[in-house]
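**Q** Dumping the structure here so I can ask a few things about it.
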Amino acid sequence: MEPSIVRIDVTESGRVWSIVGEIDAGNAGQLIDAVAHRPDTGDALVELDMEGVTFIDSSGLRALLQLADSVEAAGGSTVVRHPSEAVFKLLAITQLESRFGLS
């Protein structure tokens, strides 16, 4: 069985992140590392395109919250666009839809 992989592509504007793959305890650190090295967003809106996320667990949720906290600390906001079924279910179960602009 191959390890799960999360791939993060930052567009030229640095405002839309496409996240693809499985986000779990084995690789959520990759997403957390990307947060630490993210481009400066200032007071901008950061959009997370999560259509390609096939699985996400609590470790992945923690990474998303860490990203949102980081962006908010810089004066910006974070929204999820095109959530996959897995992402939408996790945000609904944890009642975090509004935190990511889904309500």
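Readers should treat all values here as calculations from the given coordinates under stated rules, not as data from a laboratory. Please read all numbers here as calculations on a predicted model, not as lab measurements. A quick note on method: Cβ atoms are made from the backbone with ideal geometry, for glycine too, and the neighbour counts reach across all protein chains shown.
**Q** Residue by residue through segment 54-103, note down the ones that are among the acidic types (D, E) and closer than 19 Å to Q30 by Cα.
**A** Result: D57, D69.
**Q** Filter segment 71-87 for residues that are within 13 Å of the chain's Cα centre (by Cα), crowded, with 17+ Cβ neighbours inside 10 Å and not in a strand (DSSP E or B) and give the result.
**A** V71, P83, S84, A86, V87
**Q** Continuing with the same structure: Which residue is surrounded by the fewest Cβ atoms within 10 Å (Cβ to Cβ), if the candidates are limited to segment 44-59 and must be of a type in the set (D, E) and part of a strand (DSSP E or B)?
**A** Here the answer is E51.
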